[in-house]
Amino acid sequence: PPSPAPPPVVAEPLSRADRRKKRNKQQSKQHKKKQKLTSEPRPFDNLTRKHAQGTSQITSSFDAASSSTATTGYVGQRRDDPPKTFELSELVGPHSRYKFELRAWNGKSRVVFVDSSSRVIGVGVSLPANDATWADVHREAAEALEEARGRLDLKKGDNIHRRGCFPA
């Protein structure tokens with residue numbers, strides 16, 4: 001004979017405090033979700049003040065809100081055709097299709113690139129002030145990379161991918 005079915009489990013009703021806690025948690029989640037969708041991320045004021053001192057700013061007519069973004073800061077679009085390498089004359093100058101402006105930079109001063117809504121879209125970072133070891137750090141890093149080059153094992157498809165034509 002089949003065994004009898006177990007008796008149904010009756011959940012005890014939540015207390016008033018538990019109901020309020022559950023409701024507040026749901027409201028908080030909904031509020032955070034709404035805030036995330038409607039608010040524009042802003043950098044921390046302290047960091048902005050600290051790192052923006054002594055920087056020059058270059059404003060672009062580009063609107064970053066119109067482009068694809070991801071939390072990683074990179075969204076690659078897959079393409080079937082090989083990427084094009086541009087000559088400088090194709091990018092800047094009076095006959096350029098893109099009408100970019102070439103700016104000189106000494107590599108010693110910091111520069112911030114912002115879009116039409118003052119969102120930071122790029123940064124030219126300078127050498128650290130008063131750091132006599134900076135050149136040594138870079139030389140040692142270059143030597144370590146060069147020394148490791150012989151142990152690099154690349155497969156056929158490792159040189160071309162959505163981030164560019166270089167090994168990854």
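Every number in this text was worked out from the coordinates using simple rules, so none of it is lab data. All values reported here derive from a predicted model rather than from experimental measurement. Positions of Cβ are backbone-derived with ideal geometry, glycine not excepted, and every protein chain shown enters the neighbour counts.
Fully extending the segment from F113 to S15 would add 29.7 nm, taking 0.36 nm per residue of separation and subtracting the current Cα-Cα distance. For the pair N159 and E101 in one chain, pulling the backbone fully straight at 0.36 nm per residue adds 17.8 nm over the alpha carbon distance.
Only lysines eight or more places from K21 in sequence, or on another chain, were considered; those with a Cα closer than 28 Å are K29, K32, K33, K34, K36. Once you reduce segment 3-31 and segment 121-168 to the center of their Cα atoms, the two points are 55 Å from each other.
At full extension, K84 and S56 could sit 7.0 nm farther apart than now, given 0.36 nm per residue minus the alpha carbon distance.
How would you rank 107-120, 22-35, highest first, on the average number of other Cβ atoms within 10 Å across their residues?
107-120, 22-35
Note the direction-averaged projected area, equal to a quarter of the hull surface, for the Cα convex hull of segment 109-168, in nm². It would help to have the intermediate numbers written out before the result.
Values: hull surface 27.4 nm².
The directionally averaged projection comes out at 6.8 nm².
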